[in-house]
1. In Å², and per residue, what accessible area does the chain have when probed at 1.4 Å with the other protein chains present?
2. Could you check what % of the DSSP bridge pairs in the range 1-148 are antiparallel, to the nearest 5?
3. For the range 113-183, with equal point scatterers placed on the C-alpha atoms only and solvent neglected, what are the log10 I(q)/I(0) values from the Debye formula at q = 0.14, 0.17, 0.28 1/Å, to two decimals?
4. Using the Karplus curve 6.51 cos²θ - 1.76 cosθ + 1.60 with θ = phi - 60°, work out ³J(HN,Hα) for each residue of the range 14-23 in order, rounded to whole Hz, and write x for Gly and Pro.
5. Over the range 1-140, with every protein chain in place, what whole percent of the accessible area is carbon and sulfur at 1.4 Å, could you tell me?
6. Tell me what the chain gives for mean residue ellipticity at 222 nm when only DSSP H runs of n ≥ 4 count, each as -39,500 (n - 2.57), the sum divided by the residue total, rounded to 500 deg cm²/dmol.
7. With θ taken as phi - 60° and the coefficients 6.51, -1.76 and 1.60, list the Karplus ³J(HN,Hα) couplings across the range 109-122 in order, rounded to whole Hz; mark glycine and proline as x.
8. What is the set of long-range amide H partners of ARG151 at a cut-off below 5 Å, with H atoms built 1.01 Å from backbone N?
Amino acid sequence: DAAAGSNTSARAVLTLVRGAGRGVSAARNLGLAAAGGEFVAFLDYDDLWPPARHSILLDALLTHPARGASFGRVRMRFEPGVPETAAALGLEGKHISELVGSGLYRQALVIAVQGFCEEMHLREDADFHLRLVEAGLDPLLCEADSLIYRRHEANITNDEAAVQRALSDLLRRKLKRQRTREP
């Protein structure tokens with residue numbers, strides 16, 4: 001979803017872009033390449049945006065032009081048959097900026113960090129967020145709901161071992177970037 005405009009009456013423009021099925025990071029990067037607006041937002045196929053989320057996050061960025069992204073709170077929705085785990089419940093009502101669907105970003109900032117790492121298939125959103133922070137992102141937190149995160153039986157994050165491997169990869173990548181910046 002790419003939204004462009006210079007005032008609060010800006011309209012979101014939705015464009016469907018077909019890719020080669022190379023994963024979520026490649027799909028997001030393909031969308032970024034096709035986006036033409038000043039602002040971009042990301043939504044995974046299984047999550048939802050609450051009403052008015054775009055206008056609230058956009059108003060915040062237009063009011064604070066030096067900020068690179070605005071984020072709202074995350075709400076959880078558990079599908080039937082999916083247990084309400086303590087970890088997932090810990091996200092409820094919080095600002096979780098690494099969940100990219102909760103934010104609205106200035107496209108220039110996203111391009112400056114070269115989008116999403118296509119080698120990563122899990123925790124790629126956390127890697128993206130860390131690189132934004134390393135590039136100077138000062139997140140603007142809005143007191144509004146901006147993402148409904150669905151927990152269902154097909155969530156890739158249900159695989160605890162894969163999540164742990166991805167977390168190790170995430171930390172390894174961060175340390176590597178840190179080492180290359182040190183004199």
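1. Numbers: 10140 Å² over 183 residues.
Here the residues of the chain average 55 Å² of exposed surface.
2. Counting DSSP beta bridges with both partners in the range 1-148, the antiparallel share is about 65 percent.
3. Debye curve over Cα of the range 113-183, log10 I(q)/I(0) at q = 0.14, 0.17, 0.28 Å⁻¹: -0.58, -0.81, -1.26.
4. Going residue by residue, I get 9, 10, 8, 10, 8, x, 9, x, 9, x Hz, with x marking Gly and Pro.
5. Values: 3990 of 7100 Å².
Within the range 1-140, the accessible surface is 56 percent carbon and sulfur.
6. -10500 deg cm²/dmol
7. Once θ is set to phi - 60°, the couplings for the range 109-122 become 5, 4, 5, 4, 9, 6, x, 9, 6, 6, 7, 9, 10, 8 Hz.
8. ARG77, PHE78, GLU79
The values are calculated or read from the model by the stated rules, or taken from the named source; none is laboratory data. Note that this is a predicted model, so its numbers are computed, not measured. Each accessible area value is taken on the protein alone, full model and side chains, heavy atoms only, with ligands, DNA and RNA left out. Shrake-Rupley method; radii C 1.70, N 1.55, O 1.52, S 1.80 Å.
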